[in-house]
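Just below is one structure, and these are the notes that go with it.
Throughout, read-outs are computed from the coordinates displayed, never taken from laboratory work. The structure presented is a predicted model; accordingly, all values stated were derived computationally and were not measured. Counting neighbours? That spans all protein chains shown, and the Cβs are built from the backbone with ideal geometry, glycine included.
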Amino acid sequence: MIEGPALGFDRQHERWARDARRGKLGRGRYRALVEQLVTVTHMAFEAGAIGSLWGLEGPMRAGIREDLCRQAWGWSAADLMARDLLANAFRVLEGRFEAERPEWNEGQPEWVVHEGLLIERTRCINCHCQLPEGHHKYCSRLCAGATQQRHYRRLVAGEGLAIKLAIDSI
Ligand SMILES: [Zn+2]
């Protein structure tokens, strides 16, 4: 089958857009950041701080985005860059650990509870209030987010691996 010109054109444009984003960060810094993300995740996983390689994905994406936004990036551009960096970091990690990203279902707390691997909790990990019906770890998204952010910050600070995105002023 011959690839349609429209598809090739879109792909080319996507590649240019991606290169432009990376260019904005600087090639050296881009690579260094991917390396840092790999190191932090690898260490957290080995230390048992996260149950899967993807355990810090959310907080890391939010953290990178936040740093970039502080440096005058627009939200969308910052989020795209965060995703791009993490996608590369996970490609390295998946190869290193011969791991495969779990299905969405497998990432939900109910999955583990139903498999009988955990004794069911009754109180929120973060605020210790009674868990509402259908909640297995946290009473709310707020508590889940707060706990993950705290784990992430402690980990990064403890290892002296602050992920900083000092970009040459544009
Ligand atoms: Zn709570």
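General observations
- Extended-chain gain in nm, criterion 0.36 nm per residue less alpha-carbon gap, Ser140 and Arg29: 36.3 nm
- Computed FRET value (nearest 0.05) for Asp19 with Cys127, which takes r as the C-beta separation and R₀ as 30 Å: 0.10
- Residue order, fewest to most beta carbons within 10 Å, for His42, His128: His128, His42
- In nm, spacing of pseudo-spin labels at Gln12 and Glu103 (7 Å Cα→C-beta vector): 4.0
- Each label point was placed 7 Å from the Cα along the Cα-to-Cβ direction; for Ala47 and Glu66 their separation is 1.8 nm.
- A cut-off under 14 angstrom between Cβ atoms defines the neighbours of Leu93, and their net charge, with Lys, Arg +1 and Asp, Glu -1, is -3.
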